[in-house]
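Here, each number is a calculation from the coordinates, and none is a lab measurement. Here the structure is a predicted model, which means the values were calculated and not measured. Please note: Cβ atoms are built from the backbone with ideal geometry, for glycine as well, and neighbour counts cover all protein chains shown.
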Amino acid sequence: MTKFKLKKETCRFGFGVKWHYRDFVIEDTRHEDSPYSIWKVLTPNGREIYKCGNGTRKEMKQWVDDYYTEMNDYLINDCK
């Protein structure tokens with residue numbers, strides 16, 4: 001289990017929610033008439049790097065954790 005915490009930020013007009021996790025923003029961009037979420041992972045400057053229409057917030061957290069794991073493996077193996 002990860003030691004990192006989610007920080008919630010409500011978007012304007014009450015549609016969608018942003019979660020700050022590690023160095024990324026996980027965003028639920030739900031359209032006003034739709035009960036379904038469209039999850040996005042964004043960099044802090046707002047660039048979209050991953051999108052999933054059928055996912056959950058938990059899956060987006062897992063994607064971010066996997067991203068860090070892959071980057072750490074890459075850096076460790078690259079330096080040897």
(message) Can you compute 3J(HN,Hα) from phi for each residue in segment 64-72, using the Karplus curve 6.51 cos²θ - 1.76 cosθ + 1.60 with θ = phi - 60°, rounded to whole Hz and x for Gly and Pro?
(response) 5, 4, 5, 4, 5, 4, 5, 5, 5
(message) I'd like the FRET efficiency for residue 32 and residue 3, computed as 1/(1 + (r/R0)^6) with the beta carbon distance as r and R0 of 41 Å, rounded to 0.05.
(response) 0.70
(request) Determine, for each peptide in 23-35, 43-55, the mean count of other beta carbons within 10 angstrom over its residues, then list the peptides with the highest first. (result) 23-35, 43-55
(message) Quick check: net charge around residue 4, other residues with Cβ under 9 Å of its Cβ, Lys/Arg +1 and Asp/Glu -1?
(response) +3
(request) Taking the Cβ of residue 36 as the centre, find all other residues whose Cβ is under 11 Å away and add up their charges (Lys, Arg: +1; Asp, Glu: -1). (result) -1
